[in-house]
Amino acid sequence: MTSAPVSHLGHISRWERFRRAFVRWWPMYLMLIPGIIYFLTFKYAPMTGLVMAFKKFNVKKGIWASPWVEPWYKYYQQFFGSPANTRIIGNTIRLSLWKLAMGMFPSLIFAIAVAECKRRWFARIVQTISYLPHFFSWAVVYGICLAMLNQRNGVVNTVIRKLGGEIIPFMTSNKYFPGVLVGSDLWKGLGWGAIVYLAAIMNIDTSLYEAATVDGCGRFGQIWHITLPGIRKVFVVLLITKVGNILDAGFNQVYIMMTDEVRMSGEIIDTWVYTQGIGKLNFSLGTAVGLFKSIISCGLVFFTNALARKWDSALW
């Protein structure tokens, strides 16, 4: 009686497995070359400039010839010792968390509402109109906000004035400006953020909904037991990517819309780095703070990913 043949693939080295895969799929590997060159040139090569965070950078000498700073944490000490440090970090985290919440859940709810709409022609029109603001630049969005919320002749304040109310300084008050930032970000990204959720909803097996209908499950029950579990992985992936950018808070938006009157509530880490690093030519300080942001963001991505893997089944 002969025994079954024993596979020796487990004894093949990784290099040999790669060589066999390359021989078989070499056209696919060739297609990767332009992307690899792009990332090496524009993503990884510039990372060598991070050494500026530990050097007293001199434009004439260049990065490598510039002397090392003493102590090596001087620029971090300068940043964390700044009187504005607490305010800037607080503004960044607060705006980022609000944008994270308003960027995830409203888009999810909107996507479900569009998917549940029975009149498909109306759903397509609403969806098209909703994602058009995504293509507006922040300069255009700022102009729209001024036209709507301006204290003197804005549409909203004009209506409030005619109704006998008091004018609200949306664009010039530290009390209201964070809400303007979060609201405009929500308006700009609501429809675009819903596209991914809609694609995930469309991929759910329709027979599940038919079976739920036969069992007497209503529309809200189907959403809770079928739709939400069906898109949970997409939700987790988007959450991880957004958490990784939690310290960004939207530089382009804040830099364009912020004025000196609302600097106390609107200035974030990125605008401060731009002012100090580019405006005052303190490139080493700007690089140090940027490196700090990158390390924290990378750690948050790993932490969120591990947490999502551990609690995925429990949360859903």
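The values are calculated or read from the model by the stated rules, or taken from the named source; none is laboratory data. As the structure is a computational prediction, the values presented were derived from the model and not from experiment. All Cβ positions, even for glycine, are placed from backbone atoms using ideal geometry, and neighbour counts span all protein chains on display.
Which condition breaks for Asp248 when tested against (1) in a helix (DSSP H, G or I); (2) of a type outside the set (Ser, Thr, Tyr); (3) closer than 18 Å to Ile88 by Cα?
(1)
Quick check on my filter: what residues within the range 197-237 are surrounded by 12 or more Cβ atoms within 10 Å (Cβ to Cβ) and aromatic (Phe, Trp, Tyr)?
Tyr197, Tyr209, Trp224, Phe235
May I ask you to say which residue of Ser66, Ser96, Ser82, Ser107 is touching a helix residue (DSSP H, G or I) at 6+ places or on another chain (Cβ under 7 Å), surrounded by 12 or more Cβ atoms within 10 Å (Cβ to Cβ) and among the polar types (S, T, N, Q)?
Exactly one residue qualifies, and that residue is Ser107.
Pick from Val237, Val262: which is more than 30 Å from Ile63 (Cα to Cα), part of a helix (DSSP H, G or I), under 14 Å from the mean Cα position of the chain (by Cα) and hydrophobic (A, V, I, L, M, F, W, C)?
None of the others qualify; the one that does is Val237.
Is it true that some residue in the range 20-35 is assigned to a loop (DSSP other than H, G, I, E, B) and either modelled with pLDDT of 85 or more or surrounded by 10 or more Cβ atoms within 10 Å (Cβ to Cβ) (or both)?
The answer is no, given that none of the residues of the range 20-35 is assigned to a loop (DSSP other than H, G, I, E, B) and either modelled with pLDDT of 85 or more or surrounded by 10 or more Cβ atoms within 10 Å (Cβ to Cβ) (or both).
Looking at the range 91-99, can you tell me whether even one residue there is part of a helix (DSSP H, G or I) and over 19 Å from the mean Cα position of the chain (by Cα)?
Scanning the range 91-99 turns up no residue that is part of a helix (DSSP H, G or I) and over 19 Å from the mean Cα position of the chain (by Cα).
Does any residue in the range 290-315 that is at pLDDT 80 or above and surrounded by 11 or more Cβ atoms within 10 Å (Cβ to Cβ) come within less than 9 Å, Cβ to Cβ, of a residue that is assigned to a helix (DSSP H, G or I) and of a type in the set (Asp, Glu) six or more places away or on a different chain, and which pairs are these?
Within 9 Å, the pairs are Gly290/Asp270; Lys293/Asp270.
Would you please list the contacts, defined by Cβ atoms under 6 Å and residues six or more apart or on different chains, that run from a residue in the range 230-254 that is among the aromatic types (Phe, Trp, Tyr) to a residue that is modelled with pLDDT of 85 or more?
Once the first residue is among the aromatic types (Phe, Trp, Tyr) and sits in the range 230-254, its partners that are modelled with pLDDT of 85 or more give Phe251/Asp270.
Every residue in the range 63-77 that is of a type outside the set (A, V, I, L, M, F, W, C) and in a helix (DSSP H, G or I), please.
Lys74, Tyr75, Tyr76, Gln77
Here are some residues: Ile160, Ile125. Which one is hydrophobic (A, V, I, L, M, F, W, C), more than 22 Å from the chain's Cα centre (by Cα) and surrounded by 14 or more Cβ atoms within 10 Å (Cβ to Cβ)? Full working, then the answer.
Details: Ile125 fails: surrounded by 14 or more Cβ atoms within 10 Å (Cβ to Cβ).
Unique residue meeting the criteria: Ile160.
Of all residues being in a helix (DSSP H, G or I) and of a type in the set (Val, Ile, Thr) in the range 172-195, which is nearest to Ser130 (Cα to Cα)? Just the residue, please.
Ile195
Only one of these conditions is not met by Lys60: (1) assigned to a helix (DSSP H, G or I); (2) within 27 Å of Asn282 (Cβ to Cβ); (3) at pLDDT below 85. Which number is it?
Looking at each condition in turn, Lys60 falls short on (1).
Take Thr259 and decide whether it is in contact (Cβ under 8 Å) with a residue 60 or more places away in the chain, surrounded by fewer than 16 Cβ atoms within 10 Å (Cβ to Cβ) and of a type in the set (S, T, N, Q).
Yes, satisfied.
Would you pick out the residues in the range 100-127 that are free of Cβ contacts under 8 Å to residues at least 40 places away in the same chain and either of a type in the set (Val, Ile, Thr) or part of a helix (DSSP H, G or I) (or both)?
Within the range 100-127, Ala101, Phe105, Ile109, Ala113, Arg120, Trp121, Phe122, Ala123, Arg124, Ile125, Val126 meet the criteria.
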